[in-house]
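Taking it in order: structure first as structure tokens, then the write-up.
The values are calculated or read from the model by the stated rules, or taken from the named source; none is laboratory data. Since we're looking at a predicted model, the values are computed, not measured. Cβ placement follows ideal geometry from the backbone for every residue including glycine, while neighbour counts extend to all protein chains displayed. The area values use the complete protein model at the heavy-atom level, side chains included, leaving out ligands, DNA and RNA. Shrake-Rupley method; radii C 1.70, N 1.55, O 1.52, S 1.80 Å.
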Amino acid sequence: WEVINQCLRTTLAFTSLVSYTSNIKYSKHNRVRFNSLEERDKGRKMFTEFFSSIRKEELGKEMRGHIILDSTSDFRESIVLTFWEAREDMDKFYSPQNKALASLLERAKPLFEKMPERTDYAVSELSL
């Protein structure tokens, strides 16, 4: 029974993920250049803590997910992608009125070689 229950839980989790991701229509691409590998590691920790904390807040609850990618060829670069159902929610999150994001950027600023570059994308296809 335990094996059957585990299979059912896995199937339900995957089904929920697939139906959840089908509503993702937009992504924000954040290219981050750090001063060093050590500072990239510090920045990644700050970003991870930030994303964990904002899920409970008003502006963060509309975010459908995120991914942090560390370059394998440039140890000072990371990419942060955030995923959204509505462009308005994405724009609101990245607006100057989002004090939580502004605070994160202010704390992380000394780690950056330059401020992150942001680009908006519409999702054409998403398959996991």
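Please tell me if residue 106 is part of a strand (DSSP E or B), out of contact with any Asp or Glu (no Cβ under 8 Å at 6 or more places or on another chain), closer than 27 Å to residue 41 by Cβ and open to solvent by 70 Å² or more (accessible area, probe 1.4 Å). Give the steps one after another, and end with the answer.
Numbers: part of a strand (DSSP E or B): no; out of contact with any Asp or Glu (no Cβ under 8 Å at 6 or more places or on another chain): yes; closer than 27 Å to residue 41 by Cβ: yes; open to solvent by 70 Å² or more (accessible area, probe 1.4 Å): yes.
So residue 106 does not fit the description; no.
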When the residues of segment 81-92 are narrowed to those that are within 25 Å of residue 114 (Cα to Cα) and not in a strand (DSSP E or B), which ends up most open to solvent (accessible area, probe 1.4 Å)? 92
Could you check, for segment 64-77, whether at least one of its residues is at pLDDT 95 or above, out of contact with any Ser or Thr (no Cβ under 9 Å at 6 or more places or on another chain) and under 22 Å from residue 26 (Cα atoms)? no
Residue tally, condition farther than 25 Å from residue 125 by Cα and in contact (Cβ under 8 Å) with a residue 40 or more places away in the chain, over segment 78-100: 1
By residue number, the members of segment 61-107 that are closer than 13 Å to residue 33 by Cα and among the charged types (D, E, K, R) are 70, 74, 76, 77
Answer yes if at least one residue in segment 41-54 is modelled with pLDDT under 95 and outside any helix (DSSP H, G or I), and no otherwise. no
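Between 73, 95, 78, 124, which is outside any helix (DSSP H, G or I) and crowded, with 17+ Cβ neighbours inside 10 Å? Give the derivation first.
Numbers: 73 fails: crowded, with 17+ Cβ neighbours inside 10 Å; 95 fails: crowded, with 17+ Cβ neighbours inside 10 Å; 124 fails: crowded, with 17+ Cβ neighbours inside 10 Å.
Step by step, each of 73, 95, 78, 124 is checked, and only 78 is outside any helix (DSSP H, G or I) and crowded, with 17+ Cβ neighbours inside 10 Å.
Only one of 60, 65 is in a loop (DSSP other than H, G, I, E, B), free of Cβ contacts under 8 Å to residues at least 60 places away in the same chain and surrounded by 12 or more Cβ atoms within 10 Å (Cβ to Cβ). Can you tell me which? Spell out the reasoning first.
Values: 65 fails: in a loop (DSSP other than H, G, I, E, B).
Criteria check complete, one pass: 60.
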